[in-house]
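Report on the structure given below.
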Amino acid sequence: MALLVALVLVALLSSCSDSPKYLDMLPDDAITLVRLDVKQMTEQSNFEKGGLKDKMLKLVAEDNMPAEAKKQIEKVVKDPAELGIDLRVPMMVSVTADQEVTLFAEMHNADKLKDFIKGLNAENSKKLTEKDGFTYYYANRAMIAFNDDVFCFGAAESQTEQEAIDKMKDLFSGKVTKMKDRKDVQKLLASDGIAQMLIFGEALGSLPMAKQMTEMMPKGVNMKDASFLLNLSSQKGKASLSYEVITDSKEWKDYIAKSDEMVKPIDANYLEYISKDGFALMANCAGEKLLNYLQDSGMLNIMDGEQENIIKPFLSSLDGNIVVGIDKIDENSAKPSFVMYAKTKNDSFSKLANENFGTMGEVGYKDNTTYIIMSNTEKPMTPTKNGFSKGDVKGSLYCYVNFDLFKPVINMSSGMDAIIIKSVYDVFSTAELYYLGEGKCELTVSMRDSNKYPLEKISDYIVSEMK
């Protein structure tokens, strides 16, 4: 397994080229595309200077493999261009509805790849076939095919060898597909993160919850009329994952616009009462519009009567910021210190909350504000230490976690739970999730070590595990 990891990492360091030459080959029946900028990945992993390259060479030298195979692998580790595949141009993975997975990359030198394959095993020379304008190699129900411009790898679990050959023959036939001309694919290709995933709406139709998701949406809004783009990017000490809905459908655009009417950019109300030392959840809601949506979509029907009796009066009175915070967890009782503030039109919800939560803390209403305080230290309407300000918060829905909150939980846990919690605590500092409107949201995670890229930390871990 370690050797396999080594070979994959070597492949990521092939020589660079100007543009993808495989775009005309992307299957028109793909339902998911994954794009990987391996140039960024390898640069951020600090492969050359971080010790991983030396560890790989040591691993290869100690492996009990044929001498010629060892020679070929060592040559590629020392100079990845010797592999012949150029993966500094982003590579692409396509997935079809039939679960056919194909990886596309650009070639640097076809002869070098042939020499590498032949050198790994003497039998490979017999299996390496040149025909119909491309070279292919089939083994262990997997197919490698390439010409001077493009490299393809396809898993062939459900295919015979001849079916796998026919598929590659079709890909290398020279016919031009239309996939690259799609608006959503163009946006994928223009992305600047280290990895992207474009999911076409058709792909979600096979999910178990697809029918339920469709029923919750307004009439005329169909999953197949939208695509969903995820983009992973990183910098030193931080990684971000963005999400965006891409559509030309009027029904989808109206649906997103109507959803955006339910939440507005968070204003400054109550932010100073919520500490950045723990957990925070914030939104600026038009409660009546949200309630009408829940009723029209039928979502209220899946709630039990007790839940509905709380949700309805709450949303009917909500008209602005609602903020929730947990700033500490008691190490002895494991109870969190909880506060909530909401801009409300009247005291109807505070009365209801007092009936349900009054014994657990202080519930009140003042100046169109409903508050719930479950804390021995926090006082109503009082700024807290290290509180939020308007500049700290993004979007109309905002969720924040400071992982220092979980430090007491480590001591309260045992076994694997304690190991997992401590691992998360040791690596991560904060996380933020926010909705920006227009069908866009973003998750950003900050690391305690702000001097290294996330991939560099992963590389350090691999080095530590490679004995």
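For the range 305-420, what is the charge dipole size about the Cα centre, in debye to the nearest 20, if Lys and Arg each add +1 at the Cβ and Asp and Glu each add -1 at the Cβ?
On the way: 12 positive and 14 negative charges, 72 e Å.
About 340 debye.
Would you kindly find the accessible area of residue 414, with a 1.4 Å probe and non-protein molecules such as ligands, DNA and RNA excluded, rounding to the nearest 10 Å²?
Rounded to the nearest 10, that gives 90 Å².
What is the Rg over Rh value, at two decimals, for the chain, using alpha-carbon atoms and the Kirkwood definition of Rh? Working shown, then result.
Numbers: Rg = 27.5 Å, Rh = 26.1 Å.
Rg divided by Rh gives 1.05.
Whole Å is fine, so just give me how far the alpha carbon centre of the range 73-137 lies from that of the range 373-413.
The distance from the Cα centre of the range 73-137 to that of the range 373-413 comes to 51 Å.
Counting heavy atoms of the protein chains only and a 1.4 Å probe, report the per residue accessible area for the range 409-467 as a whole number of Å². Don't skip to the end; give the middle numbers.
Details: 3490 Å² over 59 residues.
Value returned for the range 409-467: 59 Å² of accessible area per residue.
Can you sort 261, 106 by solvent-accessible area, 1.4 Å probe, largest first? Spell out each step's value before the answer.
On the way: 261 85, 106 0 Å².
Sorted descending by solvent-accessible area, the residues read 261, 106.
Going down the table (187/394; 289/312; 53/127), which pairs top 19 Å between alpha carbons? Provide the component values of the computation, followed by the final result.
On the way: 187/394 24 Å; 289/312 12 Å; 53/127 30 Å.
Violating the 19 Å limit, Cα to Cα: 187/394; 53/127.
If you plug each phi of the range 302-308 into the Karplus form 6.51 cos²θ - 1.76 cosθ + 1.60 with θ = phi - 60°, what whole-Hz ³J(HN,Hα) values come out, in order, with x for Gly and Pro?
8, 8, 6, x, 5, 5, 4
Report, in degrees rounded to the nearest 10, the 0 to 90 angle that the Cα long axis of helix 348-357 makes with the longest principal axis of the chain.
80
Leaving out ligands and nucleic acids, note down the accessible area per residue over the range 40-149 with a 1.4 angstrom probe, in whole Å². Walk me through the numbers on the way to the answer.
On the way: 5360 Å² over 110 residues.
I get 49 Å² per residue for this part.
How much of residue 352 can a 1.4 Å solvent probe reach, expressed as accessible area in Å² and rounded to 10?
40
With every protein chain in place, what's the accessible area of residue 331 (1.4 Å probe, Å², nearest 10)?
90
Of the options 56, 174, 371, report the single residue whose Cα projects farthest towards the positive end of the charge dipole of the chain (beta-carbon charges: Lys, Arg +1; Asp, Glu -1).
56
Assigning unit charges at the beta carbon (Lys, Arg +1; Asp, Glu -1) and nothing else, what dipole magnitude in debye, to the nearest 20, does the chain show about its Cα centre?
So the dipole magnitude of the chain works out to roughly 700 debye.
Give me the one-decimal nm value for the distance between modelled label points at residue 267 and residue 141, 7 Å along each residue's Cα-to-Cβ direction.
Each label point lies 7 Å from its Cα, and together they span 6.1 nm.
With each pseudo-label sitting 7 Å past Cα toward Cβ, what's the residue 446-residue 303 distance in nm, one decimal?
Each label point lies 7 Å from its Cα, and together they span 3.4 nm.
Once both axes come from the Cα atoms, what is the angle between helix 415-427 and the longest principal axis of the chain, in degrees from 0 to 90, rounded to 10?
The angle comes out at about 90 degrees.
With all protein chains present, how much of the accessible area of the chain (probe radius 1.4 Å) comes from carbon and sulfur, to the nearest whole percent? All intermediate terms of the calculation are to be shown ahead of the outcome.
Numbers: 12740 of 24130 Å².
Within the chain, the accessible surface is 53 percent carbon and sulfur.
Ranked by accessible surface with a 1.4 Å probe, highest first, in what order do 424, 95 come?
424, 95
Using the alpha-carbon atoms, what tilt in degrees (0 to 90, nearest 10) does helix 287-297 show relative to the longest principal axis of the chain?
Roughly 60 degrees between the two axes.
Starting from the 7 Å offset along Cα-to-Cβ, what nm value, one decimal, do you get for the label separation of residue 411 and residue 360?
Label-label distance for residue 411 and residue 360, simple model: 2.5 nm.
When the Cα centres of the range 179-254 and the range 415-467 are compared, how far apart do they sit, in Å?
Value for the Cα centre distance between the two parts: 24 Å.
Using modelled amide H (1.01 Å from N, peptide plane; none on Pro or chain starts), what sits under 5 Å from the amide H of residue 108, excluding residues fewer than 5 places away?
Result for residue 108 returns 85, 86.
Just reorder 197, 65 by solvent-accessible area, largest first, 1.4 Å probe, all chains present. Mind showing how you got there, number by number?
Numbers: 197 75, 65 30 Å².
Ranked list, largest accessible area first: 197, 65.
The values are calculated or read from the model by the stated rules, or taken from the named source; none is laboratory data. The structure presented is a predicted model; accordingly, all values stated were derived computationally and were not measured. Counting neighbours? That spans all protein chains shown, and the Cβs are built from the backbone with ideal geometry, glycine included. These accessible areas exclude ligands, DNA and RNA; they are computed on the full protein's heavy atoms, side chains included. Shrake-Rupley method; radii C 1.70, N 1.55, O 1.52, S 1.80 Å.
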